[in-house]
Structures are given as C-alpha cells and as structure tokens.
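I have placed the structure first, in the form of structure tokens, so that the comments after it can refer back to it.
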Amino acid sequence: MSMLSPKRTKFRKMQKGHLRGNAKAGDQVSFGDFGLQVTTPGWLTARQIEAARVAISRVVKKSGKLYVRIFPDHPFTKKPAETRMGTGKGAVEGYVAVVKPGRVIFEVEGVSLEIAKEAFHRAHHKLTVGTQLIAREVGL
C-alpha cells in the first residue's frame, strides 16, 4: 500500500501551527457533482486519507470518478517512548494534511445523490474531523 508523502521538501521538520479560522481556498465543489466538506478543524494523516479514498472507491466503483482535493505535505514529529525532556525535536513520524472548516476534501462525479451519500458516509467514519455533503452550485 502506497502512503501519500511528498517526494521532497524544502525543510525536513515544521512547527505545528494554529488551526484558527475557516478555509480560504478549496471551499467550493470544483470538479465533481458532490463534495465532502470539513466542518471542524484538524489534521488528516496519509493513512486516513487513503482509507477514506478506498471506502469511497468501493461504493462508487467504475460508474463515477473520484477527486482527492488534499495532500499530506505537513510533517509531524514524535520523540521515542520513555525519552527525557529536552535533547531537541523528534524524528519525522509521518505527514498530515492541515484542514480548516469549509475545505472540500473529496469530490465525486457521475453518480446519483444516494450513492454519493453512502460513499461519503463511509468515508466520514475513517476521518477524525466532522464532515458534511455538499452539492455543486447550479450555474457554475
């Protein structure tokens, strides 16, 4: 199974940052007919994104197309167990995608509303943030 991670980064480690405010970009359904929108801020790991993608793909099958709108490019670190405080920052443990409320993380096209609801419901159970289904606005 291939985990999502950047091929290369400018810096190996990053600070945690703050999860304040709403998404400034990526808050509209752009490619598909229905989208899964985040309602609470949080981090989505590469494993969670992959698990949700597989869950949606199994419901949508070949009838529709799936778009993944996020990518885990923020490294997070972890120190080894039973290590004393100090001695610097831990090694990179994995990568996360930082999501804020309003961000559309998955989109599907070519499927009915019922199939999209079922697919996003299954994906919601794989994620650690609150989500809701939104439809593309008519006229765009």
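Could you provide, to the nearest whole Å², the per residue accessible area of the chain with probe 1.4 Å?
Details: 9220 Å² over 140 residues.
That works out to 66 Å² for each residue.
With 16 Å as the cut-off, how large is the P(r) tail for segment 60-140, expressed as percent of Cα-Cα pairs?
Numbers: 2108 of 3240 pairs.
Counting every Cα pair in segment 60-140, those more than 16 Å apart make up 65 percent.
For the chain, which whole percent of the accessible surface, found with a 1.4 angstrom probe, sits on carbon and sulfur atoms? Write out the running numbers ahead of the final one.
On the way: 4810 of 9220 Å².
Answer for the chain is 52 percent, counting heavy atoms of protein chains only.
What is the magnitude of the charge dipole of the chain about its Cα centre, with +1 placed on the Cβ of each Lys and Arg, -1 on the Cβ of each Asp and Glu, and no other charges, expressed in debye to the nearest 20?
Working: 25 positive and 11 negative charges, 155 e Å.
It comes to approximately 740 debye.
Three principal axis extents, largest first, for the C-alpha atoms of the chain, in Å?
Cα extents, longest axis first: 55, 33, 26 Å.
Round to the nearest 10 and give me the degree value, 0 to 90, for the angle of helix 46-60's Cα axis relative to the longest principal axis of the chain.
Long axis of 46-60 versus the principal axis of the chain: about 20 degrees.
So which GluC sites (Glu not before Pro) in segment 52-140 pass both tests, a DSSP loop state and at most 14 other Cβ atoms within 10 Å of the Cβ? Provide the component values of the computation, followed by the final result.
Numbers: sites: E82, E93, E107, E109, E114, E118, E137; in loops: E82, E137.
Passing both the DSSP loop test and the Cβ count: E82, E137.
Using only Cα atoms, find the angle between the long axis of helix 113-124 and the longest principal axis of the chain, and express it within 0 to 90 degrees, rounded to the nearest 10.
Approximately 10 degrees, to the nearest ten.
As I understand it, the dipole of segment 87-140 uses +1 on the Cβ of Lys and Arg and -1 on the Cβ of Asp and Glu, about the Cα centre. Which of Q132, A116, G90 lies farthest toward its positive end?
Of the options given, the answer is G90.
The values are calculated or read from the model by the stated rules, or taken from the named source; none is laboratory data. This structure is a prediction, so every number in the text was calculated from the model and none was measured. Every residue, glycine among them, receives a Cβ derived from its backbone with ideal geometry; neighbour counts consider all protein chains shown. Accessible surface areas use protein heavy atoms only, side chains included; no ligands, DNA or RNA. Shrake-Rupley method; radii C 1.70, N 1.55, O 1.52, S 1.80 Å.
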